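Report on the structure given below.
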Amino acid sequence: MSNPFETYKFNRSGKSVTNRAVLAALTNKQSSNDGILSDNEINWLTRRAKGGFGIITTGAAHVSKDGQAWEGELGVFDDIHIERLNVLADSVHSYDSLILAQLFHGGMHSPQKLTGNTPLSASKVRSEVSESGFARPASEEDIDRIIDDFTSAAVRCVQAGFDGIELHGAHGYLISQFLGTKTNMRKDQWGGDRKNRERFLIKIFQAIKNNVPDSFIVGVRISPEINKIGIGLDDSILLAGDLRDEGVDYIHLSCWDSFGHSRDYPDDPKTLTEWFVQSCDDLPPIISTGGVWSSVDAQNLMRQGADLIGVGRVGIAHPDWANHLSNADYDPDRPPFTVAQLSEAQLSDVFIDYMRKWEGFVAD
Ligand SMILES: Cc1cc2nc3c(=O)[nH]c(=O)nc-3n(C[C@H](O)[C@H](O)[C@H](O)COP(=O)(O)O)c2cc1C
């Protein structure tokens, strides 16, 4: 059986990773107003590389100015971002970790107040952050522009010395708004049946792959189920098969609770990760994330079929988490954490303040 502290090789890109621990994308609000990486953000990510994480993923980074979804968000929409991204890449590489940027567009979640634009989505849908109360449907020109923006952002990451990018197709942002039946009611080639709803994601992936070296990792993060926007497990499993056929370097399942069960099939004993690996042959490497805290959890997740273990909150509180994985009894402290503990873990005041929004995480 595989162990979380064993090396792993991505066959398509040929890149190797020192262990199975992945720091999942974690928004931390520490970028400047124009999306440039701050020292605080570089330090917090580098600290996790030092702590042994084989893969470090940046927080969600917008590829288009109109795709920004919150303040302090990392941007990759302009060449002005490359220099600091390069500092981050070099810093993470000094600890032999791989560095990936998570690329996204907020779609209907990009506040008009922040971007100055009416939010767009696949269709006209309600948007609490639009002055009119609605997001407008993306035109063909918007779609072409945003595919180009994703591609340019990925090329910037190549120029900055990154090992790859992760397309954020999860959590209800623009890519998943195209996937969802409740946010995509289009009647053209970008909506309707499942293949049409997948087209936006697939075209972004293809455009990026045509413009980056083979050694550059291009993975996709998806949510198995988001009832609110019409993403169901059956379609997500079929999407995973289509992503495999396209040649994605990995699929990252954002489960929130990796040990929980499908909401669509609540009586089925399989976990979400098991649903994917047991339903689909020859899947690319699977990263699964959600609810892992101890080394026993990490081993259980690998037993379910995950090749790599993504973590969020435990990596925020315990920067050396990955270095402890070889200890079978490792079960670090759980929330709440004091401000002093979080500062010690290299979180700035801005980031700690953001963590107050995550119920029960910060002890005040
Ligand atoms: C503070 C915070 C910020 C997050 N930011 C992102 C993000 O930018 N992109 C993303 O895909 N997921 C994001 N997530 C979700 C995490 O990547 C992860 O999937 C989630 O926290 C569940 O894993 P955990 O139980 O190990 O924390 C965020 C989660 C937290 C707690």
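The values are calculated or read from the model by the stated rules, or taken from the named source; none is laboratory data. Source: prediction; values computed, not measured. Counting neighbours? That spans all protein chains shown, and the Cβs are built from the backbone with ideal geometry, glycine included.
For region 22-43, residues that are in contact with a Phe, Trp or Tyr (Cβ under 9 Å, 6 or more places away or on another chain) and more than 11 Å from the ligand (Cβ to nearest atom) total 4. Of all the numbered requirements in (1) surrounded by fewer than 17 Cβ atoms within 10 Å (Cβ to Cβ); (2) in the same structural domain as residue 232 (by TED's automatic domain parsing); (3) free of Cβ contacts under 8 Å to residues at least 24 places away in the same chain; (4) within 22 Å of the chain's Cα centre (by Cα), residue 268 misses one, and that requirement is (4).
When region 315-349 is examined, which residues are found to be outside any loop (DSSP other than H, G, I, E, B) and under 21 Å from the mean Cα position of the chain (by Cα)? Before the answer, list the steps.
The first filter runs over region 315-349 and keeps only residues outside any loop (DSSP other than H, G, I, E, B), leaving 315-317, 321-324, 337, 339-344, 349.
Answer for region 315-349, where residues must be outside any loop (DSSP other than H, G, I, E, B) and under 21 Å from the mean Cα position of the chain (by Cα): 315, 316, 317, 321, 322.
Identify the residue in region 254-265 that is surrounded by 17 or more Cβ atoms within 10 Å (Cβ to Cβ) and in contact (Cβ under 8 Å) with a residue 40 or more places away in the chain and, among all such residues, is farthest from the ligand (Cβ to nearest atom). By that ranking, first place goes to 258. When you check residue 136 against the structure, is it closer than 23 Å to residue 118 by Cβ, part of a strand (DSSP E or B) and at pLDDT 95 or above, yes or no? Yes.
In the list 362, 339, which residue meets the criterion of being more than 19 Å from residue 53 (Cβ to Cβ), surrounded by 19 or more Cβ atoms within 10 Å (Cβ to Cβ), modelled with pLDDT of 95 or more and not acidic (Asp, Glu)?
Working: 339 fails: surrounded by 19 or more Cβ atoms within 10 Å (Cβ to Cβ).
It is 362.
Taking the listed residues 49, 60, 101, the one that is part of a helix (DSSP H, G or I), touching a residue at least 40 places away in the same chain (Cβ under 8 Å) and of a type in the set (Gly, Ala, Ser) is 49, with no other qualifying. With respect to (1) within 16 Å of the ligand (Cβ to nearest atom); (2) not in a strand (DSSP E or B), the lone exception for residue 167 is condition (2).
Table: residues versus (1) farther than 27 Å from residue 235 by Cα; (2) touching a Ser or Thr at 6+ places or on another chain (Cβ under 8 Å); (3) acidic (Asp, Glu).
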{"site": "59", "(1), (2), (3)": "no, yes, no"}
{"site": "82", "(1), (2), (3)": "yes, no, no"}
{"site": "89", "(1), (2), (3)": "yes, no, no"}
{"site": "99", "(1), (2), (3)": "yes, yes, no"}
{"site": "131", "(1), (2), (3)": "yes, yes, yes"}
{"site": "135", "(1), (2), (3)": "no, yes, no"}
{"site": "138", "(1), (2), (3)": "no, yes, no"}
{"site": "148", "(1), (2), (3)": "no, no, yes"}
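Cβ-Cβ contacts under 7 Å between residues 6 or more apart (or on different chains), taken from a first residue in region 73-86 that is closer than 17 Å to residue 168 by Cβ to a second residue that is surrounded by fewer than 17 Cβ atoms within 10 Å (Cβ to Cβ) and among the acidic types (Asp, Glu), are listed as 75/34. Candidates in region 311-355 are the residues that are more than 11 Å from the ligand (Cβ to nearest atom) and of a type in the set (Gly, Ala, Ser); of these, the one that is farthest from residue 18 (Cα to Cα) is 340. The condition of being touching a residue at least 40 places away in the same chain (Cβ under 8 Å), within 16 Å of the ligand (Cβ to nearest atom), under 25 Å from residue 219 (Cβ atoms) and not assigned by TED's automatic domain parsing to the domain that holds residue 41 holds for only one of 293, 358, that being 358.
Residues in region 72-104 that are crowded, with 20+ Cβ neighbours inside 10 Å and among the β-branched types (Val, Ile, Thr) were compared, and the one that is nearest to residue 43 (Cα to Cα) is 92.
Residue check: residue 66 meets all listed conditions (1) closer than 18 Å to residue 108 by Cα; (2) surrounded by fewer than 22 Cβ atoms within 10 Å (Cβ to Cβ); (3) more than 16 Å from the ligand (Cβ to nearest atom); (4) not aliphatic (A, V, I, L, M) but one, namely (2). Confirm whether residue 156 is farther than 29 Å from residue 234 by Cα, outside any loop (DSSP other than H, G, I, E, B) and away from the ligand (no atom under 16 Å from the Cβ). Yes: the conditions hold for residue 156.
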